[in-house]
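Novice: My questions will all concern the structure given below.
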Amino acid sequence: MYSEKVMDHFNNPRNVGEIENPSGVGTVGNAKCGDIMRMYLNIDENQVIQEAKFKTFGCGAAVATSSMATELVTGKTVKEAMEVTNKAVMEALDGLPPVKVHCSLLAEEAIHAALWDYSQKEHVEIEGLEPPVSDISEKEEEEEY
Ligand code: FES
């Protein structure tokens, strides 16, 4: 049912934890399944993400997608991090079962929420970034899978 990569990131999640005084932190949840994800980013003066950490209270796929998302955004500029979509995270994990696609959306939204926090604090504009929503389940219904 799950790819080896998903199982690996679930069993050995990378970058679990918190960052003290992060450049940006964001929390998102999905009221339908009750899962919550918090993403911390450390961003340097060149707008490069130096460190990403996460805490996820959620299902195995949410843990795996947040783990992969932290790996994908590390070393990227904030602009490049906007390209780390849920599809990119899923591809990097060799796919997810259809009922678990929404879990990867939580990872994308958590990155956006942390970037939004950074953009507000530092007065930086990030193209395509929208204010985060705390419950993504409403947004999800508009998406087609
Ligand atoms: Fe909701 Fe996975 S079941 S995030």
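Novice: With both partners inside the chain, how many of the DSSP beta bridges are antiparallel, as a percent to the nearest 5?
Specialist: DSSP beta bridges in the chain are roughly 90 percent antiparallel.
Novice: How high is the FRET efficiency from residue 87 to residue 130, r the C-beta distance, R0 25 Å, rounded to 0.05?
Specialist: Computed FRET efficiency for residue 87 and residue 130: 0.90.
Novice: Here is a follow-up. If you split all Cα-Cα distances of the range 52-145 into 10 Å bins from zero, what percentages do you get per bin, shortest first?
Specialist: With 10 Å bins starting at 0, P(r) equals 16, 51, 30, 3.
Novice: Can you give me the long-range amide H partners of residue 35? Hydrogens built in the peptide plane at 1.01 Å from N, cutoff under 5 Å, separation of 5 or more residues or another chain.
Specialist: Close amide H contacts, sequence-distant or interchain: 30.
Novice: Taking Cα pairs under 8 Å and at least six residues apart, what relative contact order does the chain come out at, in percent?
Specialist: Worked out over the chain, it gives 30 percent.
Novice: Also, quick follow-up: Divide by every residue of the chain the summed helix terms, -39500 (n - 2.57) for each DSSP H run of at least 4, and state the resulting mean residue ellipticity at 222 nm, rounded to the nearest 500 deg cm²/dmol. Display every interim value, and only then the final one.
Specialist: Values: 6 runs with 61 residues, N = 145.
That calculation yields -12500 deg cm²/dmol at 222 nm.
Novice: For the chain, modelled as a Gaussian network with Cα springs under 10 Å, which listed residue fluctuates most, 112, 123, 102?
Specialist: 123
Novice: Between the helical axis of 60-73 and the dominant principal axis of the chain, each derived from Cα atoms, what acute angle in degrees is found, rounded to the nearest 10?
Specialist: 30 degrees
Novice: Right, here's the next one. Stretch residue 48-residue 123 to full length: gain in nm at 0.36 nm per residue minus the Cα-Cα span?
Specialist: Gain on extension, residue 48 to residue 123, equals 25.5 nm.
Novice: Computing the accessible area with a 1.4 Å probe over protein heavy atoms, can you report the carbon and sulfur percentage for the range 81-145?
Specialist: Details: 1630 of 3560 Å².
That share works out to 46 percent.
Novice: Any chance you could give the angle, 0 to 90 degrees and rounded to 10, that helix 101-122 forms with the longest Cα principal axis of the chain?
Specialist: So the helix axis and the longest Cα principal axis differ by about 10 degrees.
Novice: On to the next question. Which of the listed residues, 97, 111, 68, is farthest toward the dipole's positive end in the range 35-111, when Lys, Arg count +1 and Asp, Glu count -1 at the beta-carbon?
Specialist: The residue sitting farthest along the positive end of the dipole is 97.
Novice: Taking only protein heavy atoms into account and a 1.4 Å probe, give the accessible area per residue of the range 49-145 in Å².
Specialist: Values: 4780 Å² over 97 residues.
Computed with neighbouring chains in place, this is 49 Å² per residue.
Novice: Step through the residues of the range 17-28 one at a time and calculate ³J(HN,Hα) from phi using the Karplus curve (6.51 cos²θ - 1.76 cosθ + 1.60, θ = phi - 60°), rounding each to whole Hz and writing x for Gly and Pro.
Specialist: Per residue, the Karplus-derived 3J(HN,Hα) values read x, 10, 10, 6, 6, x, 5, x, 9, x, 10, 9 Hz.
Novice: Next up: Give the cross-link partners of residue 87 among the lysines, using a straight C-alpha distance below 27 Å as the criterion and excluding same-chain residues fewer than 8 apart.
Specialist: 5, 32, 53, 55, 76, 79, 100, 139
The values are calculated or read from the model by the stated rules, or taken from the named source; none is laboratory data. Predicted model only: the values in this text are computed from it and were never measured. We place every Cβ from the backbone using ideal geometry, glycine too, and count neighbours over all the protein chains shown. All accessible areas refer to the heavy atoms of the entire protein, side chains included, with ligands and DNA or RNA removed. Shrake-Rupley method; radii C 1.70, N 1.55, O 1.52, S 1.80 Å.
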